[in-house]
Amino acid sequence: MNELQRQAYLSALGIENYAPRWLMPSAPVSVACVLPVYDIPVAATPASLEAVTIETRIESKPSAPNVLAAMADLGEQKKAPLAINAAVILQQLEEKKAPVVQPFSLSVYRPQPGFLIIDSRNTKLALPTEVLLNNLLRVHLKAVQPALGEEVLRWPMIENRFVSRTEDDARNELQTWLAVENELRPIHKLWLMGESAARYWLDASRDLAAICWTAQPIKDMSLQALILPSLNQLLQNPTQKSRLWACLP
C-alpha cells in the first residue's frame, strides 16, 4: 500500500505505531515504494501580516480596500516546500520505539509455605549461591529446616520473536506472574535479591540502590518485599552480611 495512504488509515483508526507480524499466505510480497515529493503550503503567520500592513500604511497610507487586497495576496504566498517521503516517516517510527530488554532468568526459592525468594541469576560466575542461602535461612528461620529447590523463571516466558521485549513488557508479564502466584499460594514474606529481581516488581521511578535493605510495597498488590543484594553480590562482598542480619525482622 502507498505509505501515505497506510498512515492515513492508521491515523483514522487511532493507531500510533504499527508493524506487520507475519505475511498472509495469499498476500503479495511487500516491496519498498518510492513516493513523490509533495509541496506543503504554509500560510503566512498573523505576525508577518501585521508587520507588512503597518509598513504599507506608513509608506503610502492606502485606502482600506487596498490594504485588504494586499493581505489577501500575502495569504496566497507559499514558503519553501517541505519534502515528505516514506523513509522519513519510517525513521520517525523507529525513533519512538522503546529500548529492547535482552532475555534473562531469575532463581525462585520457596523455603517454607508463604515465603518466596527471587534472586538475580548469573550462572557465568559459578558461585555457591544455594549453599549461602541455605546457611542464611538456617539462622534466620531457626528451628525450621528450609526446603530449598531452585526454580528457574525465564523471561520472556514464551519464546516468540514477534512479541516486543521492552522493560514495560517485562514488568507487565512478571507482575502478572507474581499476582497469580500469590493467588495460588498466598505470600506472607518476599525477598527480592539483586537489581534484576527488584526492578520489575517495583515502581519504575524508584532508585534501586537507594532502597536496598528496606521493605518496599509491590506495585498494584497488597504485599511488601525486602530488597536485598543478590546472592552473588553477597558472596563477592561478605562484609554485607552484617547489614543483612541488621535489616531482617
Heavy-atom SASA rank of V180, V108, V101 (probe 1.4 Å, accessible area, largest first): V180, V101, V108
Farthest positive-ward along the stretch 114-249 dipole, Cα basis, beta-carbon charges - from N232, I218, L178: N232
Loop-located trypsin sites (Lys or Arg not before Pro) in the stretch 143-249, at most 14 other Cβ atoms within 10 Å (DSSP): R161, R206
Rule-of-thumb Rg ratio for the stretch 103-188 [Cα; 2.2 N^0.38 Å; N residues]: 1.25
Loop chymotrypsin sites (Phe, Trp or Tyr not before Pro), the stretch 133-241 (other Cβ atoms within 10 Å of the site Cβ: 11 or fewer; DSSP): F162
Radius 11 Å from Cβ of M221, net charge of other residues (Lys, Arg +1; Asp, Glu -1): -2
Quotient of C-alpha Rg and 2.2 N^0.38 Å, computed over the stretch 146-249: 1.15
Carbon/sulfur fraction of accessible area - the stretch 153-249, other protein chains in place, 1.4 Å, %: 49 percent
Peptides 121-129, 13-21 ordered by average Cβ neighbours within 10 Å, highest first: 121-129, 13-21
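The values are calculated or read from the model by the stated rules, or taken from the named source; none is laboratory data. It should be emphasised that the depicted structure is a prediction, and the values quoted were computed from it without experimental measurement. Cβ coordinates were reconstructed from backbone atoms using ideal geometry, including for glycine residues, and neighbour counts include every protein chain displayed. Remember, those area values only see protein heavy atoms, side chains included, never the ligands or the DNA or RNA. Shrake-Rupley method; radii C 1.70, N 1.55, O 1.52, S 1.80 Å.
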